[in-house]
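The values are calculated or read from the model by the stated rules, or taken from the named source; none is laboratory data. In this text the structure is predicted, and so the values were computed from the model without any measurement. Cβ coordinates were reconstructed from backbone atoms using ideal geometry, including for glycine residues, and neighbour counts include every protein chain displayed. Calculation scope for accessible area: heavy atoms of the full protein, side chains included, ligands and nucleic acids excluded. Shrake-Rupley method; radii C 1.70, N 1.55, O 1.52, S 1.80 Å.
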Amino acid sequence: MEHPKSHKPDLRDLRPQQVQDILTSLGEKPFRARQVLRWLYKNAAPDFETMSDLAKPLRQRLSQVARLTAMAPAQVEDAADGTSKLLYVLDDGARIESVLIPEADHHTLCVSSQVGCRQGCAFCRTATLGFTRNLRPAEITGQVLAARRLVDEARPLTNLVFMGMGEPLDNMASLLISLEHILGESGLQMSQRRVTVSTVGLADHLADFGRATPAALAVSLNAANEGLRSKLMPINRRFSLATLKAALLAYPLKPTRRITLEYVLLGGVNDRPAHAVELARWCRGLKCKVNLIPFNPHEGADFVAPAEADVQVFQEVLISEHITALLRRSRGADISAACGQLAARAALDDWDEEDGD
Ligand code: SAH
């Protein structure tokens, strides 16, 4: 599809330094770049006209050399527990979702990194979509900017988890630029500890990721034996548990931090006490903690949720093995907004109808 403006860079696809270079090339002083960057991130300007403290000729020059994509949700769906699912229709018609989760004194946003996903995990609904494309940095950061507008001061958006649609480390270039927007001095300046990137464990990218960004790392383990993990997560056939562990032991982790391991409990599949013992053994030597996530059922998968009692035993086994293990209940299941339920599809079918053509 030909996009008439596509030759002009979207300023929010660029690194802050590149935005500064553009302004320098237009003959502007460094403080102008800071002003523009504030408009791009803290103020989430939808267009150049909004940048009211820039002289009109400069705004015009900017719109001749660059463009801006303003992300606004096409639909917001609210769950009974206060969770909202935000649906976006992108420039090319592709659809993605983010999930905004209210907590006592803040909000957490679950961010998507790709349209669909190519990891093919057996229990994940996004996997059933296949892969369409990577998100641009502007489309990743844009989800955060849009969500900031939806929250109030009493509960600001302070926490991000890259656990929406897609595999973030399969879209490293965009991910790292977006993290610069989110964490950086000239961006949103969010706290590194509160921004977590979750991966299936692309072992060949872990070291590069760890060196490039201070964001927190979570790895979806889901099984600690090779045969079972290969069945659940095709990536394990490329990077075995042994390879993954070696990569995590070598990960450039800051002294006070730990790696989070996510473990989706699938009823009768990976939730036996013996699996917990295996997991505890696998964790040995790693600075880690385990987040247990009971499986959220959906049409696309033949798994069932674990029994309440089994979840408890699993957690107790880990704790008795001296592993920090927290139980994570995902929210928003009634609107398919819980972990592993994102498909950006069903909801929009209704929306299309309402919209007529
Ligand atoms: N690709 C990344 C991020 C997206 S998935 C990753 O795999 O980490 C985010 C988390 O949701 C992962 O831990 C995944 O194992 C989990 N998940 C996927 N489907 C789920 C489901 N149906 N119920 C509960 N958790 C699920």
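Which of the residues belonging to the stretch 284-302 are within 12 Å of the ligand (Cβ to nearest atom) and open to solvent by less than 50 Å² (accessible area, probe 1.4 Å)?
Selection gives VAL290, ASN291, LEU292, ILE293, PRO294, PHE295, ASN296, HIS298, GLY300, ALA301.
GLU180: closer than 24 Å to ALA276 by Cβ and either within 11 Å of the ligand (Cβ to nearest atom) or touching a residue at least 12 places away in the same chain (Cβ under 8 Å) (or both), yes or no? Spell out the reasoning first.
Working: closer than 24 Å to ALA276 by Cβ: no; either within 11 Å of the ligand (Cβ to nearest atom) or touching a residue at least 12 places away in the same chain (Cβ under 8 Å) (or both): yes.
Against the criterion (closer than 24 Å to ALA276 by Cβ and either within 11 Å of the ligand (Cβ to nearest atom) or touching a residue at least 12 places away in the same chain (Cβ under 8 Å) (or both)), GLU180 does not qualify.
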- prompt: Which residues, taken from the stretch 162-206, are closer than 21 Å to ILE96 by Cβ, out of contact with any strand residue (DSSP E or B) (no Cβ under 8 Å at 6 or more places or on another chain) and either of a type in the set (S, T, N, Q) or not assigned by TED's automatic domain parsing to the domain that holds HIS107 (or both)?
  reply: SER178
- request: Select from the stretch 232-255 the residues that are modelled with pLDDT of 95 or more, more than 24 Å from ARG125 (Cβ to Cβ), of a type outside the set (D, E, K, R) and open to solvent by 20 Å² or more (accessible area, probe 1.4 Å) and list them in ascending order.
  value: SER240, ALA242, THR243, ALA246, ALA247, LEU249, ALA250, TYR251, PRO252, LEU253
Long-range neighbours under 6 Å by Cβ, at least six apart or interchain, first residue over 20 Å from ASP334 (Cβ atoms) and open to solvent by 50 Å² or more (accessible area, probe 1.4 Å) within the stretch 62-82, second at pLDDT 95 or above and part of a loop (DSSP other than H, G, I, E, B): ALA70/PRO46
- prompt: Can you name the residue in the stretch 311-357 that is open to solvent by less than 50 Å² (accessible area, probe 1.4 Å) and at pLDDT 95 or above and, of all such residues, is farthest from the ligand (Cβ to nearest atom)?
  reply: VAL317
